[in-house]
Amino acid sequence: MRIATWNVNSLNVRLPHLEAFLRDQSPDVVCLQETKCEESKFPGAEIEAMGYRWVHNGQKTYNGVAILAKAGCGNVGSGIPEFADEQSRVIAGDVGDVRIVCVYVPNGQSVGSDKYEYKLRWLTALRAWLAAELVAHPKMAVLGDYNIAPEARDVHDPLAWEGRVLFSEPERAALKGLIATGFVDAFRLFEQPEKSFTWWDYRLNAFKRKMGLRIDHVLLSTALAKACTACTIDTGPRGLERPSDHAPVLCELSL
DNA sequence: ATGGTTGTCCTACAA
């Protein structure tokens, strides 16, 4: 089974890129973030024509998450239970015997801001929920835009980014704490190229200058990690005309 | 240089 995650930064704008990605990579499951549309504007017919069934937790203008799956998914839930959130940032469902959780972690804006505090509270709630979910679903994959670079090697200029949002110590500690409840970062199970990133700012020609961060992740429960044979970043879509600012991450599971 | 670009929606705001 091949699973993937991609922050598309508007699903309707990125539909041609998504179509090419699905054709080129043929993933069984794709988690999307920042669909930026409510249900009435979700391009469901187009996605079904590409051979995928879908579930979506959307909202107007901001956020929005979806899971596309060739085989469809059941037992679908939206949001973090017991965490009231007006923002559409989580959707989960079963594909076969694997629990798929699609997350769009808050950006946090800047360290010390209200949005930063919200990000940390959100991550605390996510951790508590997922720790409990692991008991019921030993085979679990949590994919998405975490808006956190875990280590210095995940940042093009770690000295410049140290202490800033996306790479501050409290954010990294929160991600580390989440992982410590029973996950592994699939990307780091394997040898990877230097300067492996998943997001590059639209400004200052950041992609061409390799000025990126690795903030999109595939976390696998320890039971599921045993089945993981590869994890890669597909930088192709980031180089296209009018791209998302994020690249997709792909993960291969021998299931 | 505290800069710059994109998406949504039409004016700022979020990223």
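The values are calculated or read from the model by the stated rules, or taken from the named source; none is laboratory data. In this text the structure is predicted, and so the values were computed from the model without any measurement. Every residue, glycine among them, receives a Cβ derived from its backbone with ideal geometry; neighbour counts consider all protein chains shown. All accessible areas refer to the heavy atoms of the entire protein, side chains included, with ligands and DNA or RNA removed. Shrake-Rupley method; radii C 1.70, N 1.55, O 1.52, S 1.80 Å.
Consider A:Ala66 carefully, then state whether it is crowded, with 19+ Cβ neighbours inside 10 Å, more than 22 Å from A:Ala131 (Cβ to Cβ) and either in contact with a Cys (Cβ under 8 Å, 6 or more places away or on another chain) or aromatic (Phe, Trp, Tyr) (or both).
Yes; evaluated as a whole, the condition is true for this residue.
For the stretch A:144-155, enumerate the residues that are assigned to a helix (DSSP H, G or I) and surrounded by 20 or more Cβ atoms within 10 Å (Cβ to Cβ).
Within the stretch A:144-155, A:Asp154 is the sole residue that qualifies.
Please state which of the following conditions A:Ala223 fails to meet, knowing it meets all the rest: (1) of a type outside the set (Val, Ile, Thr); (2) closer than 17 Å to A:Val98 by Cα; (3) outside any helix (DSSP H, G or I).
Here A:Ala223 meets the rest and fails (3).
All but one of (1) open to solvent by less than 70 Å² (accessible area, probe 1.4 Å); (2) within 16 Å of DNA strand B (Cβ to nearest atom); (3) in contact with a Gly (Cβ under 7 Å, 6 or more places away or on another chain); (4) part of a helix (DSSP H, G or I) hold for A:Leu134; which doesn't?
Evaluating A:Leu134 over (1) open to solvent by less than 70 Å² (accessible area, probe 1.4 Å); (2) within 16 Å of DNA strand B (Cβ to nearest atom); (3) in contact with a Gly (Cβ under 7 Å, 6 or more places away or on another chain); (4) part of a helix (DSSP H, G or I) leaves (2) as the failure.
In the stretch A:174-198, how many residues are over 20 Å from A:Ile3 (Cβ atoms), open to solvent by 50 Å² or more (accessible area, probe 1.4 Å) and assigned to a helix (DSSP H, G or I)?
2
What residue, among those in the stretch A:194-213 that are on the phi > 0 side of the Ramachandran plot and in contact (Cβ under 8 Å) with a residue 12 or more places away in the chain, is nearest to DNA strand B (Cβ to nearest atom)?
Applying the filter and picking the extreme gives A:Lys210.
Which one of these is small (Gly, Ala, Ser) and part of a helix (DSSP H, G or I): A:Ala125, A:Ala141?
A:Ala125
Could you please give the count of residues in the stretch A:210-233 that are charged (D, E, K, R) and either surrounded by fewer than 17 Cβ atoms within 10 Å (Cβ to Cβ) or at pLDDT below 95 (or both)?
2
Restricting attention to the stretch A:222-244, report how many residues are in contact with a His (Cβ under 9 Å, 6 or more places away or on another chain) and touching a residue at least 60 places away in the same chain (Cβ under 8 Å).
Qualifying residue count for the region: 5.
When the residues of the stretch A:156-173 are narrowed to those that are of a type in the set (Asp, Glu) and touching a residue at least 12 places away in the same chain (Cβ under 8 Å), which ends up surrounded by the most Cβ atoms within 10 Å (Cβ to Cβ)?
The selected residue is A:Glu171.
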